[in-house]
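These notes are about the structure you will find just below.
No lab work stands behind these numbers, since they all come straight from the coordinates. What you see is a predicted model; the values in this text were computed from it and never measured. With ideal geometry, Cβ positions are generated from the backbone for all residues, glycine too; neighbour counts draw on all protein chains shown.
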């Protein structure tokens, strides 16, 4: 009952403050979220940590590419796991890839998640000015990250604390630039 109340409260907060997002997992459960279109990227990641469950409920949403990508056809693939239980996670999509989905599994003995990423590449797009965000959450506290309007998410970095049984997250973002046809 209590968990349902938290989920309902989070949905309402998400709708009021962001215009909508999707809760993508239950505590201790499997999570899979991907954008509806390959021309979209993960633009928002929010989460709430439960000390009782030692896990996070995640909320994600997507947005269209911030530049004109008409006529370009993205290709996408899912990675294998990009981290081990309780270990640091450092990942960036290869080439000029951007993140179009996340998948993770929780393990109660480790009280941690392992992650997979859906990477998409679009021939004709170059990613410039890439940098990591600061940490987007504190231990045992909420996370609320939005990709800046002119950027796309291309990577994720995370560290785990066995003492806190939680993860800190930060993201790699880049500015997409369309390559002129004569340069392809």
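Residues of region 44-58 include none that is free of Cβ contacts under 8 Å to residues at least 40 places away in the same chain, within 16 Å of the chain's Cα centre (by Cα) and in a loop (DSSP other than H, G, I, E, B).
Search region 144-179 for residues being over 17 Å from residue 92 (Cα atoms) and part of a loop (DSSP other than H, G, I, E, B), and hand back the single one that is nearest to the chain's Cα centre (by Cα). Give the steps one after another, and end with the answer.
Residues of region 144-179 over 17 Å from residue 92 (Cα atoms): 144-146, 148-150, 160-167, 177-179.
Cutting the leftovers down to part of a loop (DSSP other than H, G, I, E, B) gives us 148-150, 162-165, 179.
Values: 148: 14, 149: 16, 150: 17, 162: 22, 163: 24, 164: 21, 165: 20, 179: 26 Å.
Looking at residues that are over 17 Å from residue 92 (Cα atoms) and part of a loop (DSSP other than H, G, I, E, B), I get 148.
Among the residues of region 149-158, is there at least one that is closer than 23 Å to residue 39 by Cα, in contact (Cβ under 8 Å) with a residue 12 or more places away in the chain and surrounded by fewer than 17 Cβ atoms within 10 Å (Cβ to Cβ)? Within region 149-158, one or more residues are closer than 23 Å to residue 39 by Cα, in contact (Cβ under 8 Å) with a residue 12 or more places away in the chain and surrounded by fewer than 17 Cβ atoms within 10 Å (Cβ to Cβ). Cβ separations smaller than 8 Å between residues 6+ apart or across chains give the following pairs from region 76-90 residues that are touching a residue at least 40 places away in the same chain (Cβ under 8 Å) to residues that are in a loop (DSSP other than H, G, I, E, B) and loosely packed, with under 14 Cβ neighbours inside 10 Å: 86/162. Here is a check on your reading of the model: is residue 126 part of a strand (DSSP E or B) and closer than 16 Å to residue 42 by Cβ? So residue 126 does not fit the description; no. Among the residues making up region 54-71, those that are buried (at least 17 other Cβ atoms within 10 Å of the Cβ) and farther than 17 Å from residue 33 by Cβ are 54, 65, 69. Residues in region 69-83 that are touching a strand residue (DSSP E or B) at 6+ places or on another chain (Cβ under 7 Å), part of a loop (DSSP other than H, G, I, E, B) and farther than 22 Å from residue 131 by Cα: 69, 72, 80, 81.
In the list 141, 137, which residue meets the criterion of being in contact with a strand residue (DSSP E or B) (Cβ under 6 Å, 6 or more places away or on another chain) and not in a strand (DSSP E or B)? Even if it seems obvious, please write down each step before you answer.
Details: 141 fails: in contact with a strand residue (DSSP E or B) (Cβ under 6 Å, 6 or more places away or on another chain).
Every option except 137 fails the conditions.
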